[in-house]
Amino acid sequence: MSDNLDDVFSSVPRYPRRLDRREFWRVAYPMVYVSRQVDIRFKELFKRGLVKGTVIPISGHEASSVGMAMPFRPGVDSIALLHRNLAAHFVLGCPVREAVCQYLANVESPTHGKEGNVHFGDARSRRFPMLSHLGGMLAVAVGGAWAARRAGEEAFGLTVIGDGGSSTGQFHEALNMASVFKVPVVFFVENNGYAYSTPVSRQYNCERLSDRAAGYGITGKTINGLDAFEVYGAVSDALEMMAKDPQPVLIESMTVRLLGHAVYDNAEYVPEAEKAANWERDPLKFSRAAAMEACGVDEGRMSSIESALLAQLDEKIREALGVALPGAGTVPMDVFAPVRYPALKPYSAKGVRNTGAVNAALDYILAENSNAFVCGQDVGKFGSAFKTCKGLLDKHGEGRVIDMPVCEAATAGFCLGASQVGSRPIMEFQFADFSTEAVSQLGLNSGTWFYRAGAPAPLLFRMPSGAGVTLGAFHSGEFEGLWSRFPGLKLFYPATPQETYEALLAGFYDDNPCVVFEHKLLYWGKPGDIEFDGDLSKVCRPRKYSEGSDITIIATGAMVEQALGAVAGKKYTAEVWNPFVLAPLCFEPIAESIRKTGRLLVVQESGGVAGLGGHFIALAARECFSGLKRAPELIAAPDTPVPFAKEFESAHLPDSARIACVIEKMIGGMP
């Protein structure tokens with residue numbers, strides 16, 4: 001049994017090796033002990049004001065965390081831990097000093113002080129940083145394990161959730177997805193009786209949470225989470241079983257939370273008798289006795305080992321306290337990973353509509369990139385709802401064009417996990433409206449990934465958008481305004497076939513999460529030619545469709561055609577622009593146009609408060625104020641849901657006639 005802190009977590013035998021009881025406790029007890037002492041020190045540092053934020057005590061969870069993590073292999077298996085799994089971070093390769101720096105939020109912390117205490121990991125070694133939205137990380141681990149298996153690795157996954165988190169929709173989405181695709185992931189449920197203050201009686205009505213496994217056609221088991229060796233054995237059994245028959249396993253670990261949810265929670269909602277009983281079941285006390293018995297260590301030797309480990313821990317804490325705190329400008333705050341576009345094959349096509357442009361781009365991507373895959377609902381044999389994926393399954397195979405269960409949030413998380421293990425996913429939302437199901441995964445997890453994890457997240461999300469095809473309120477939204485609010489997402493909104501082809505290629509070859517809005521009405525719009533020279537470096541720029549001197553018009557989506565119709569054949573002349581890349585926005589070429597014409601009209605299909613028109617006008621007022629001849633105008637749909645009846649929908653959407661009237665008013669009645 002080692003009394004050297006640097007050795008405690010660095011020499012753990014991993015799967016497929018399996019330790020007997022004596023070997024296990026020789027390795028595991030120092031881990032359990034050090035983890036408890038770190039927890040104690042963090043509470044002390046919090047009281048001194050040196051650790052801030054939400055400090056989540058792990059006391060009571062050490063045995064469960066150590067036992068579950070020991071078999072897994074850093075850099076091979078995909079891991080998503082929860083806020084009470086600090087001990088598992090140590091077991092899986094996080095140095096103790098690094099974790100202390102994270103809680104101190106200093107410049108040597110894994111996130112350089114940019115993220116909260118528990119929201120760290122090492123994405124490059126497949127230990128993914130946590131998302132606080134419970135259930136959100138489960139699908140990420142599933143996607144990572146799936147991608148590793150797809151690449152020929154004999155990899156597994158581990159993902160952790162609490163009893164409360166098992167009530168979330170994403171828990172069930174991820175579990176079902178892993179079962180459907182037979183991904184060998186251990187879903188580890190730590191049941192300590194409380195979700196913050198809510199008891200399990202308000203969380204579920206089955207006898208055991210592991211009983212839920214039967215509903216997904218997989219194996220489930222409930223174990224004593226206070227005995228680290230029993231936990232280790234159950235997880236080892238699961239790995240051996242999954243090696244023979246890849247499928248997920250659900251393990252419910254019954255443990256205790258010895259303290260409140262966080263350091264500022266006194267847990268007054270827990271009866272005193274229950275608190276006392278929990279302390280009697282303290283896993284540290286049990287682990288110590290088990291280790292002494294299994295390893296033949298007497299009290300004197302055990303105390304000596306503990307004293308040595310504690311002294312080394314305190315020294316590492318002193319070192320971490322001496323590290324500088326971050327100052328403004330000292331830490332990069334980049335939300336986007338660098339982009340290095342490859343040279344692509346030129347592509348030329350005549351008389352193509354946007355549906356054909358989408359299909360051609362996806363076909364090219366799949367043909368040229370063996371690590372790419374397209375996924376979504378009905379993208380396979382059916383060819384997707386708007387037939388943009390028609391023929392791709394037959395040409396590229398089921399492993400490349402994948403019909404997913406109806407679970408937008410889990411699918412987005414799955415794609416994020418896969419992107420971290422060498423795959424480049426393309427996810428189609430059947431309608432942009434359905435992307436609202438994945439706000440936490442797309443906006444808060446994927447969008448912030450590079451900022452939090454320092455690792456690129458190459459993801460392409462396709463969103464058939466917009467109204468005009470009589471589909472009503474839940475199938476007609478654009479949502480470009482919504483997604484522009486999340487830092488770290490790149491947004492493309494093409495209008496022409498050329499732009500559509502280029503947007504999909506630029507989004508795919510970007511190392512950041514990219515969203516391409518594909519207006520449904522334009523799928524069958526005017527045919528156009530595609531002449532792409534293979535140079536993606538020229539793609540991300542605003543697009544100008546006409547020259548003029550009287551007014552500048554900004555339009556997106558289907559409004560581009562309406563704006564061009566409003567100026568065609570008139571005596572006034574206009575410069576009609578599509579920003580094309582909505583975020584990060586390149587506004588200067590448009591600003592130059594506004595300075596030249598002195599007038600700005602913005603046309604958007606979204607309601608006035610839902611789209612980006614107000615943002616464009618604000619930029620113009622800030623950057624072009626002295627050159628404006630009159631106040632900018634916004635033409636938008638009413639701030640109501642899109643109506644269903646064709647007569648209502650037609651009146652709802654801006655059209656060329658309305659645009660022309662506003663132009664004439666702004667210019668001064670010119671015919």
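Residues in the range 195-247 that are charged (D, E, K, R) and more than 27 Å from ARG26 (Cα to Cα): 7 in all.
Of all residues in the range 544-558, those being part of a strand (DSSP E or B) and crowded, with 19+ Cβ neighbours inside 10 Å number 5. Look at the range 587-609: where a residue is within 16 Å of TYR572 (Cβ to Cβ) and a partner is among the acidic types (Asp, Glu) and not in a helix (DSSP H, G or I), sitting 6+ places away or on another chain with Cβ atoms under 8 Å, you get SER593/GLU575; LYS596/GLU575; THR597/ASP550; THR597/GLU575; ARG599/ASP550; LEU600/GLU633; LEU601/GLU633. If you go through the range 549-594 and keep only what is at pLDDT 95 or above and on the phi > 0 side of the Ramachandran plot, you end up with GLY557, PHE580.
Can you confirm whether SER109 is without any contact (Cβ under 8 Å) to a residue 60 or more places away in the chain, farther than 25 Å from GLU173 by Cα and in a loop (DSSP other than H, G, I, E, B)? Judged against the criteria, SER109 is a match.
Here are SER201, SER210: which of them is within 26 Å of GLU274 (Cβ to Cβ), out of contact with any strand residue (DSSP E or B) (no Cβ under 6 Å at 6 or more places or on another chain) and part of a helix (DSSP H, G or I)? Going through SER201, SER210 in turn, just one is within 26 Å of GLU274 (Cβ to Cβ), out of contact with any strand residue (DSSP E or B) (no Cβ under 6 Å at 6 or more places or on another chain) and part of a helix (DSSP H, G or I): SER201.
Filtering the range 137-167 to residues that are within 17 Å of LEU416 (Cβ to Cβ), over 16 Å from the mean Cα position of the chain (by Cα) and part of a loop (DSSP other than H, G, I, E, B) leaves ALA151, ALA155. Kindly provide the set of residues from the range 607-634 that are over 17 Å from ILE667 (Cβ atoms) and part of a strand (DSSP E or B), ordered by number. Answer for the range 607-634, where residues must be over 17 Å from ILE667 (Cβ atoms) and part of a strand (DSSP E or B): just GLY607. No other residue among VAL339, VAL331 is hydrophobic (A, V, I, L, M, F, W, C) and at pLDDT 95 or above apart from VAL339. Checking every residue in the range 188-209 against the condition of being surrounded by 15 or more Cβ atoms within 10 Å (Cβ to Cβ), basic (Lys, Arg) and under 27 Å from the mean Cα position of the chain (by Cα) gives zero matches.
Identification of helices (runs of 4 or more DSSP H) wholly contained in the range 338-430 with 2 or more residues that are under 13 Å from GLY143 (Cβ atoms) yields 408-419. Give me the pairs, please: first residue somewhere in the range 616-643 and under 15 Å from LEU585 (Cβ atoms), second residue anywhere and of a type in the set (Phe, Trp, Tyr), beta-carbon distance under 6 Å, and either six or more positions apart or on two chains. If the second residue must be of a type in the set (Phe, Trp, Tyr), the pairs left are LEU619/PHE587.
Looking only at residues in the range 593-618 that are among the β-branched types (Val, Ile, Thr) and either touching a helix residue (DSSP H, G or I) at 6+ places or on another chain (Cβ under 9 Å) or surrounded by 19 or more Cβ atoms within 10 Å (Cβ to Cβ) (or both), the one that is nearest to PRO643 (Cα to Cα) is VAL609. Can we say MET254 is under 24 Å from ALA141 (Cβ atoms), among the hydrophobic types (A, V, I, L, M, F, W, C) and without any contact (Cβ under 8 Å) to a residue 40 or more places away in the chain? Taking the combined requirement at face value, the residue does not satisfy it. The condition of being touching a Pro at 6+ places or on another chain (Cβ under 9 Å) and either part of a helix (DSSP H, G or I) or farther than 22 Å from ARG353 by Cβ (or both) holds for only one of LEU564, LEU522, that being LEU522.
Could you tell me which residue of the range 52-78 is surrounded by the most Cβ atoms within 10 Å (Cβ to Cβ), considering only residues that are more than 22 Å from GLY144 (Cα to Cα) and among the charged types (D, E, K, R)? Result: GLU62.
The values are calculated or read from the model by the stated rules, or taken from the named source; none is laboratory data. Everything numeric here is computed off the predicted structure, so don't read it as measured data. Ideal geometry is used to build each Cβ from the backbone, glycine not excepted, and the neighbour counts take in all protein chains shown.
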